[in-house]
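Here's the structure, in structure tokens; my notes come after.
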Amino acid sequence: MKQFQFEYTSIGKLKRELDKINQWRKSKVVSSVIFEFYAEDTERSQIELACEIIDREVPDAIYMGCSSNGNIIEGGLSSSPIGVVCTICEFPSTQVKLLHYVLTAESVTDVVSDLKKQLAKNPWVKAVSMLMTMRGMSMTPFCDAFTDINPEIEMFGGGAFNPDLNNDEACVFSKNRGYTSKGVVFLLFGGEDMHVMTTFITGWKPLGKEFKVTKADGCVLQELDGKPAYEAYYRYLNIANDEHFFNNTLEFPFFYRHHGIDILRAPISSNEDGSLTMTSDIDKNVTARIAYGDPWTILESIQRDGRHIADFQPEIIKIFSCAARRTYWGDDEISKETFPFQSIAPTSGFYTSGEFLKTDGYLNQHNVTLVVAALREGPRDSNVHFEMQNEQFAGKVSMINRLATFIDAATMELEEVNKKLAEMAISDSLTGLLNRGEIQHRINECLKLYKENGPKFSLIMFDIDYFKRVNDNFGHKEGDTVILKLTEIAKKTVQDLAPDGSVGRWGGEEFMVLLPNAGSDKAMRVAEVIRTTFAAVDFPAAHHKTISVGVTEALPSDSSDTLSVRVDGALYVAKENGRNRIVVK
């Protein structure tokens with residue numbers, strides 16, 4: 001596999017480069033020639049002229065390409081609006097096939113269906129490279145439709161973009177169908193001597209608080225934590241809901257788990273109602289955090305994955321990198337994360353509106369991510385060394401990293417304080433059990449579910465017999481010791497026999513146990529273990545103490561008040577009948 005990369009600056013330059021390629025081919029065995037164009041210049045006539053010249057000068061070649069937000073040539077950001085990459089396959093067993101479809105929300109099903117038929121007809125396929133227009137549509141149906149293809153087939157690619165981030169106009173083009181403003185081009189390649197390795201790199205880290213998606217409709221993210229989703233960007237990043245929203249949020253995508261991997265998902269617009277439009281669907285009830293780029297994490301990831309790719313010994317490397325990464329680094333620094341791959345093999349690619357990679361059987365759409373595909377014909381036959389310099393950061397990147405570290409530390413401290421405050425709000429200060437307000441709240445919730453045909457539940461109420469004598473005769477310290485021991489016994493018993501139960505301090509020496517999914521028989525068994533275990537304890541001063549217990553099972557006609565009155569009445573009967581006993585009512 002041989003590759004030629006060059007910048008298209010003029011018709012004369014293009015013809016000279018094509019002549020070099022043809023001269024090289026004369027003494028070689030060639031199975032296929034593939035040209036890929038990445039065009040930061042979206043002028044249609046320029047693109048079509050370049051394609052005409054390829055057709056005339058290299059008539060047996062196939063070609064494909066797309067508009068981009070920047071081009072990667074020889075591992076670095078190209079200064080030319082159009083980059084050209086010519087890949088020549090040398091093994092006779094290598095096969096390639098080019099497909100080009102119109103891609104709209106309405107045509108997705110037909111496109112994927114036809115591609116699957118092509119894969120079935122061509123069992124030699126080992127990988128599918130994709131270029132597509134995607135702005136203005138959700139790519140979730142497209143990605144989901146590929147879950148049942150051969151898991152051994154690699155899939156990767158990128159979304160066409162525009163040099164102006166706020167301009168949705170983009171294109172793909174190919175020898176099969178020419179120039180299309182809404183389309184997808186697939187390059188199928190494989191054969192017994194073709195080998196492919198893929199990976200993805202983010203380096204973006206979650207920042208600040210965690211949000212829960214409470215309302216979403218397809219690719220429209222409506223609410224986070226019950227509030228309009230846009231407020232997360234306004235409150236924490238002071239990003240206004242205006243025409244600059246996309247530019248300002250590009251470097252701060254959402255970070256969440258999807259199909260078992262960490263995914264970054266960037267909004268493309270904010271709507272008048274405060275909802276956010278994404279390039280892919282986001283599920284309700286998932287948790288997400290805003291993320292930021294960490295330069296050290298990015299380069300550590302590149303160093304780690306770079307070594308694995310070097311071990312694979314590829315002959316070419318293709319990179320699909322999000323335009324947000326170019327915005328993040330800036331043009332002077334962006335090549336820090338792509339140029340190291342050039343030390344392994346010729347590296348090319350472009351800056352995308354979205355990146356695609358099949359991982360663990362799922363085709364995932366990524367944002368703010370670097371997708372890498374490494375290709376080789378034939379066996380490993382040389383030692384490849386991955387070279388990467390230690391980098392120092394200054395200016396914007398360094399400042400972002402330090403501010404993010406501060407925010408992360410402050411957020412963790414605040415979350416810990418809030419967690420403790422939340423626990424204090426529902427806990428009894430002496431025993432650590434649920435306080436009366438919280439246990440009453442949980443009883444109400446169980447009753448509500450029960451009335452909606454939910455599971456039955458029971459209550460156990462008990463207090464310490466003659467507890468006042470303990471305080472009067474031996475002091476409050478001994479009284480606290482008795483209460484704490486009963487707390488320990490009740491908690492352990494409920495944990496062992498009814499793990500979904502809750503224990504609360506009702507007041508003074510009175511306790512309440514809520515047992516979801518339990519009738520009065522099970523409640524009796526739990527109560528008996530608490531009663532006998534406590535009665536066996538020998539306290540230093542008070543010696544043996546006992547409890548009286550009331551048990552009741554909820555009825556369909558119950559209200560919270562009638563239920564509480566009935567279990568309290570059962571406890572009263574236990575007291576009246578001699579204490580140290582259980583009464584069911």
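Quick note: the coordinates plus some simple rules give every number you see, no bench work behind them. Fair warning: this is a prediction, and the values are worked out from it, not measured in the lab. Neighbour counts run over all protein chains shown; Cβ positions are idealised from the backbone, glycine included.
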The range 412-535, dipole about Cα centre (Lys/Arg Cβ +1, Asp/Glu Cβ -1), debye to the nearest 20: 320 debye
Inter-label distance for Asp60 and Ser429, nm, one decimal - labels placed 7 Å from Cα along Cα-to-Cβ: 8.9 nm
Full-stretch length increase - Asn238, Glu52 - with 0.36 nm per residue and alpha-carbon distance subtracted: 62.1 nm
Value of Rg to Rh for the range 436-584 (Rh from inverse mean 1/r over Cα pairs, i.e. Kirkwood): 0.98
222 nm mean residue ellipticity, helices alone, for the chain (DSSP H n ≥ 4; -39,500 (n - 2.57); rounded to 500): -11000 deg cm²/dmol
Förster radius 35 Å - calculated FRET efficiency between Asp262 and Thr9, Cβ distance, rounded to 0.05: 0.30
Listed residue (Met132, Ala498, Ser32) projecting farthest to the positive dipole end of the chain, Cβ model: Ala498
Lys, Arg +1 and Asp, Glu -1 on Cβ, resulting dipole of the range 48-147 about Cα centre, debye, nearest 20: 380 debye
Between 0 and 90°, nearest 10: helix 395-426 axis offset from the chain longest Cα axis: 20 degrees
The chain - Rg (one decimal) and Dmax (whole number), Cα, Å: 33.5, 109
Separation of the Asp331 and Lys209 label points, Cα + 7 Å toward Cβ, nm: 4.0 nm
FRET efficiency for Val565 and Asp500, using Cβ-Cβ distance with R0 set to 35 Å, rounded to 0.05: 0.90
0 to 90° range, to nearest 10: angle between helix 476-497 axis and the chain longest Cα axis: 50 degrees
Taking the range 204-292 and dividing mean pair separation by its residue count, relative contact order in percent (alpha carbons under 8 Å, at least six apart): 42 percent
Proxy reagent accessibility, fewest Cβ within 10 Å first, across Glu553, Glu423: Glu423, Glu553
Amide hydrogen neighbours beyond the local backbone of Ala229, cut-off 5 Å, H modeled: Glu223, Leu224, Leu276
The chain: relative contact order as a whole-number percent, Cα under 8 Å and 6+ apart: 13 percent
Residues Met1, Met512 arranged by fewest to most Cβ contacts within 10 Å: Met1, Met512
Reduced Cα scattering model of the range 204-292, Debye log10 I(q)/I(0), q = 0.13 Å⁻¹: -0.34
Separation in nanometres of the label points that stand 7 Å from Cα toward Cβ, at Ala535 and Asn577: 1.3 nm
Sorted by Cβ density within 10 Å, fewest first, the residues Val513, Val371: Val371, Val513
Gain on full stretching of the segment that runs from Lys420 to Asp521 - 0.36 nm per residue minus C-alpha separation: 32.7 nm
Spatially proximal lysines relative to Lys420 (Cα-Cα < 29 Å; intrachain offsets below 8 disregarded): Lys205, Lys209, Lys212, Lys215, Lys227, Lys284, Lys448, Lys477, Lys485, Lys491, Lys492
Degrees between helix 520-535 axis and first principal axis of the chain (Cα, 0 to 90, nearest 10): 70 degrees
Contour excess over end-to-end distance, with Cα ends at His441 and Glu300 and 0.36 nm allotted per residue: 45.9 nm
Sequence-distant aspartates and glutamates (8 or more away, or on other chains) whose Cα lies within less than 16 Å of Lys318: Glu36, Glu74, Glu154, Asp305, Glu337, Glu355, Glu377
Relative intensity, log₁₀ I(q)/I(0), of the range 172-326 from a Debye sum that treats every alpha carbon as a point, q = 0.11, 0.20, 0.21 Å⁻¹: -0.58, -1.24, -1.29
Relative contact order of the range 436-584, pairs being alpha-carbon contacts under 8 Å that are 6 or more residues apart, as %: 31 percent
